[in-house]
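Engineer: One structure, pasted below without further comment.
Each reported figure results from applying straightforward, stated rules to the coordinates on display, with no laboratory input. No experiment lies behind these values; they were computed from the predicted model shown. Counting neighbours? That spans all protein chains shown, and the Cβs are built from the backbone with ideal geometry, glycine included.
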Amino acid sequence: METDEQVKNIISPLLDGMELSLVEISIGRQRGNVKVNLVLYKEGGISLDHLTRAQKVLRPRLELEYDRENLSLEISSPGISRVIKSPHEYSIFIGRQFRLLLDEEWVDCILKETGVDNIMVEIEKKITEIPIHDIKKAKLV
């Protein structure tokens, strides 16, 4: 088992059962050791108990996949001011406050909807459509 996508396909049903969303996954290998880093989100907030439970559920499943390799599993939350790293993350954070860098100006908004190439946000009580390619940087607030 090597790719992020393969691991995502294995753990997604387990995360769904815990009402958790996968925000980010990274897998590194070094001298027979595998390090899996997961960033998880739960609507309404994620607690240490949620992260601990995820560790207990996911670790045995990943150990089966990585068989004889030493596995290190790190699980964390997105953090208060997470910088959005990929377009799929927008759909996870619908309803949350964002700060977007458009051109050279930061704009505070609330994410309302996501599309394939754009997002709908509320800025000063007005709904505005913004193409994702126009967003230079996006952070949770």
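Engineer: Could you pull the Rg and Dmax for the range 3-141, using just the Cα atoms, both in Å?
Structural biologist: Spelled out, the Cα radius of gyration and Dmax of the range 3-141 are 17.0, 55 Å.
Engineer: When you count, for each residue, the other Cβ atoms within 10 Å and take the mean per peptide, how do 77-85, 124-132 rank with the highest first?
Structural biologist: 77-85, 124-132
Engineer: Starting from a Cα-only point model with no solvent, please compute log10 I(q)/I(0) by Debye for the range 88-140 at q = 0.12, 0.17, 0.18 1/Å.
Structural biologist: -0.20, -0.42, -0.47
Engineer: Now, a different point. Sticking with the crude label model, points 7 Å out along Cα→Cβ, report the distance from Ser26 to Gln6 in nm, one decimal please.
Structural biologist: 2.1 nm
Engineer: For a test of understanding, tell me how many lysine pairs in the chain have Cα atoms under 13 Å apart, given they are 8 or more places apart or on different chains.
Structural biologist: Taking the chain as the scope, the lysine pair count is 5.
Engineer: If you line up the long axis of helix 48-66 against the longest principal axis of the chain, both from Cα atoms, how many degrees apart are they, to the nearest 10?
Structural biologist: Tilt relative to the chain: about 50 degrees.
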